[in-house]
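Colleague: The structure's right below; bear with me while I get my questions together.
The values are calculated or read from the model by the stated rules, or taken from the named source; none is laboratory data. These figures come from a predicted structure and were not determined experimentally. Ideal geometry is used to build each Cβ from the backbone, glycine not excepted, and the neighbour counts take in all protein chains shown. Keep in mind that these areas ignore ligands, DNA and RNA; they rest on the heavy atoms of the full protein, side chains included. Shrake-Rupley method; radii C 1.70, N 1.55, O 1.52, S 1.80 Å.
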Amino acid sequence: MTEFGFIDRIKQLCQSLPTNSFEGIGDDCAVFPINSSESLLFTSDMLIERIHFLREAISPYDLGRKSLTVNLSDIAAMGGQPTATLLSLSIPKELANSWVDDFMRGYRDLSEECGVALIGGDTTASKGDLAINVTAIGRVVTSNIKRRSAAKVGDTIFVTSPLGGSGSGLDDILRGEYTSPLARLHNSPTARIKEGVWLGGRDDVHAMMDISDGIASDLRHILKASSVGAEIELTAIPCHLGAELRHALSSGEDYELLFTAHHSEQFVNDYLTQFGVTPIPVGKIVASEDITWLSNGTVQNDDFRGFTHY
Ligand code: ADP
Ligand code: MG
C-alpha cells in the first residue's frame with residue numbers, strides 16, 4: 001500500500017469516531033474553531049533517522065531547526081500563524097548529551113524567531129534509530145483558512161519560489177557531499193510563514209498547501225480535494241539553480257507554497273510589494289481530471305509522480 005493508501009485506510013476505519021467539532025484528516029492541518037472568528041490549527045510530522053535524514057549528514061543544530069520547520073510549513077499552508085509545539089524524542093542510548101543540547105539550540109532558536117512556545121512532548125530511549133515527532137498548533141482567522149478543496153476552474157496555479165533545490169541537495173548527500181550549497185539547503189529549509197499568512201488574507205487566493213513531496217504529487221491532492229484538473233506548462237516550472245526539472249517536479253522537501261488564485265496584475269503587484277519577488281505561475285486549473293503536462297503548449301505523453309515512502 002502507498003502512504004496515501006494507508007492514510008485513506010486509517011480514515012475509513014475511524015470514520016465512526018466523533019469529530020467533536022474538529023475538521024479532521026485530509027488537509028495540511030486539522031481545524032478547531034475557538035470563537036466566532038478564529039480557529040486553532042493542528043499538525044504533526046515525524047523525522048525518522050535513515051528515512052528522513054542521515055545523522056552523519058546533518059548537524060544536530062540544523063536537524064533541530066528542520067524538525068520544527070516542516071511543521072510550521074503546514075500551519076503556513078493553511079494561512080495560519082504558528083503559536084506552540086509539542087516535541088517528542090526517541091533518543092538512542094549512545095547519543096551524547098552535547099548532541100541533544102545542539103539539537104535543542106536549533107529548535108529553540110527557530111521557535112524564538114517565529115514566536116512559538118514549546119508546551120510539552122515526550123522523551124524515550126531508543127534501541128536503534130533516532131525518532132523526532134513534532135506537533136504544531138497555530139491560530140488563524142477562520143475566514144482566512146485556505147483549504148486544498150477550494151481550487152476553482154480558471155485559477156492560475158502559483159508556487160512561491162523555484163523548486164527542486166532540496167531534492168538535488170539530497171542527491172549530493174547520498175553521494176557523500178554533505179556540505180554542498182544544495183545539501184545545505186536540503187538540511188535547512190525555510191517555512192513560508194509570512195507568505196502563508198498574507199496569502200490567507202487574500203480573497204483572490206483559493207486553494208493552498210505546502211510542497212513536501214514534489215509538485216507532481218502535491219498538486220494532485222488539491223485536484224482531488226477540489227474535483228478539478230490542471231494543465232501544467234513544463235517550461236514554466238521554476239528550477240532552483242543547480243536543480244533539474246525532475247527534481248523540481250518529483251523530489252520532496254522544498255516546503256514552498258503551492259496555491260491557486262484568480263490571476264490579476266493587482267494580485268501580482270501586491271505580492272511583489274509585500275515580498276520583493278513575484279509568485280511564479282506554472283499552470284491553470286481546468287475542469288477535466290488529473291494533470292495535463294504541456295511543453296510550449298503541446299501536450300506531452302510523459303507522466304510525473306512525486307516522492308512516496310512506499
Ligand atoms: P502533510 O504532507 O501536509 O504533512 P500528509 O500527506 O502527511 O500531510 O497527511 C495527509 C493528511 O492525513 C493530513 O491531514 C494528516 O494529518 C493525515 N494523516 C497522516 N497520517 C495519519 C495517521 N497516521 N492518522 C491520522 N491521520 C493521518
Ligand atoms: Mg503539507
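Colleague: Failed condition for SER36, given (1) open to solvent by 70 Å² or more (accessible area, probe 1.4 Å); (2) within 16 Å of ligand 1 (Cβ to nearest atom); (3) over 26 Å from ARG184 (Cα atoms), with all others met?
Modeller: Status for SER36: all satisfied but (2).
Colleague: When you check ASP62 against the structure, is it more than 16 Å from ligand 1 (Cβ to nearest atom) and under 18 Å from ASP254 (Cα atoms), yes or no? Give the derivation first.
Modeller: Details: more than 16 Å from ligand 1 (Cβ to nearest atom): yes; under 18 Å from ASP254 (Cα atoms): yes.
Taking the combined requirement at face value, the residue satisfies it.
Colleague: Do you know which of the residues in segment 120-138 that are in contact with a helix residue (DSSP H, G or I) (Cβ under 9 Å, 6 or more places away or on another chain) and not hydroxyl-bearing (Ser, Thr, Tyr) is surrounded by the fewest Cβ atoms within 10 Å (Cβ to Cβ)? Spell out how you get there, then give the answer.
Modeller: Going through segment 120-138, the residues in contact with a helix residue (DSSP H, G or I) (Cβ under 9 Å, 6 or more places away or on another chain) turn out to be 129-130, 132-138.
Narrowing further to those that are not hydroxyl-bearing (Ser, Thr, Tyr): 129-130, 132-134, 136-138.
Details: ASP129: 13, LEU130: 21, ILE132: 25, ASN133: 18, VAL134: 23, ALA136: 26, ILE137: 21, GLY138: 28.
It comes out as ASP129.
Colleague: For segment 112-131, state whether one or more residues are under 26 Å from VAL31 (Cα atoms), modelled with pLDDT of 95 or more and in contact with a Phe, Trp or Tyr (Cβ under 9 Å, 6 or more places away or on another chain).
Modeller: yes
Colleague: I'm trying to understand the selection: among the residues of segment 225-235, which are away from ligand 2 (no atom under 14 Å from the Cβ) and in a helix (DSSP H, G or I)? Lay out the reasoning, then the answer.
Modeller: We begin by selecting, within segment 225-235, every residue away from ligand 2 (no atom under 14 Å from the Cβ); these are 226-235.
Within segment 225-235, SER226, LEU234, THR235 meet the criteria.
Colleague: Hey, can you tell me all the residues within segment 254-287 that are out of contact with any helix residue (DSSP H, G or I) (no Cβ under 8 Å at 6 or more places or on another chain), among the charged types (D, E, K, R) and not in a strand (DSSP E or B)?
Modeller: Within segment 254-287, GLU256, GLU265, ASP270 meet the criteria.
Colleague: Picking from MET104, MET78, which residue would you name as being in contact with a Gly (Cβ under 9 Å, 6 or more places away or on another chain) and either farther than 29 Å from SER143 by Cβ or open to solvent by 50 Å² or more (accessible area, probe 1.4 Å) (or both)?
Modeller: Working: MET78 fails: either farther than 29 Å from SER143 by Cβ or open to solvent by 50 Å² or more (accessible area, probe 1.4 Å) (or both).
After ruling out the rest, the residue left standing is MET104.
Colleague: Right, something else. Just name the residue that is nearest to ligand 2 (Cβ to nearest atom) out of those in segment 194-215 that are surrounded by fewer than 19 Cβ atoms within 10 Å (Cβ to Cβ), in contact (Cβ under 8 Å) with a residue 24 or more places away in the chain and charged (D, E, K, R).
Modeller: Let us first name the residues in segment 194-215 that are surrounded by fewer than 19 Cβ atoms within 10 Å (Cβ to Cβ), namely 194, 198, 201-204.
Imposing the further condition that a residue be in contact (Cβ under 8 Å) with a residue 24 or more places away in the chain reduces the set to 194, 198, 201-202, 204.
If we keep only those that are charged (D, E, K, R) too, we end up with 194, 202, 204.
Working: LYS194: 17, ARG202: 19, ASP204: 22 Å.
Among them, the one singled out is LYS194.
Colleague: If you take the residues in segment 13-24 that are at pLDDT 95 or above and either in a helix (DSSP H, G or I) or near ligand 1 (Cβ under 9 Å from one of its atoms) (or both), which one is most open to solvent (accessible area, probe 1.4 Å)?
Modeller: So the residue we want is LEU13.
Colleague: Name the pairs whose Cβ atoms lie under 9 Å apart, with the first residue in segment 115-126 and small (Gly, Ala, Ser), the second surrounded by 10 or more Cβ atoms within 10 Å (Cβ to Cβ) and outside any strand (DSSP E or B), and 6 or more positions between them or separate chains?
Modeller: ALA117/SER111; SER126/LEU95
Colleague: Out of all the residues in segment 33-45, which are closer than 18 Å to MET209 by Cα and of a type in the set (A, V, I, L, M, F, W, C)? Spell out how you get there, then give the answer.
Modeller: Of segment 33-45, the ones closer than 18 Å to MET209 by Cα are 39-45.
Passing the criteria: LEU40, LEU41, PHE42.
Colleague: Quick check on my filter: what residues within segment 60-87 are assigned to a helix (DSSP H, G or I), closer than 18 Å to TRP198 by Cα and more than 13 Å from ligand 2 (Cβ to nearest atom)?
Modeller: Across segment 60-87, there are no qualifying residues.
Colleague: Within segment 236-253, how many residues are under 18 Å from ILE157 (Cα atoms), in contact with a helix residue (DSSP H, G or I) (Cβ under 9 Å, 6 or more places away or on another chain) and assigned to a helix (DSSP H, G or I)?
Modeller: Number of matching residues: 4.
Colleague: Determine whether ARG65 is at negative phi, without any contact (Cβ under 8 Å) to a residue 60 or more places away in the chain and open to solvent by 50 Å² or more (accessible area, probe 1.4 Å). Before you say what the answer is, go through the steps one by one.
Modeller: On the way: at negative phi: yes; without any contact (Cβ under 8 Å) to a residue 60 or more places away in the chain: no; open to solvent by 50 Å² or more (accessible area, probe 1.4 Å): yes.
No: the conditions fail for ARG65.
Colleague: In segment 240-278, what residues are touching a His at 6+ places or on another chain (Cβ under 7 Å) and open to solvent by 20 Å² or more (accessible area, probe 1.4 Å)?
Modeller: GLU253, the sole residue that qualifies.
Colleague: Follow-up. Suppose we keep only residues that are among the small types (Gly, Ala, Ser) and within 11 Å of ASP204 (Cα to Cα) within segment 255-282. Which one would you say is nearest to the chain's Cα centre (by Cα)?
Modeller: Step one: of segment 255-282, the residues among the small types (Gly, Ala, Ser) are 261, 264, 276.
Now narrow it down to the ones that are within 11 Å of ASP204 (Cα to Cα): 261, 264.
Numbers: ALA261: 18, SER264: 25 Å.
Checking each candidate, the answer is ALA261.
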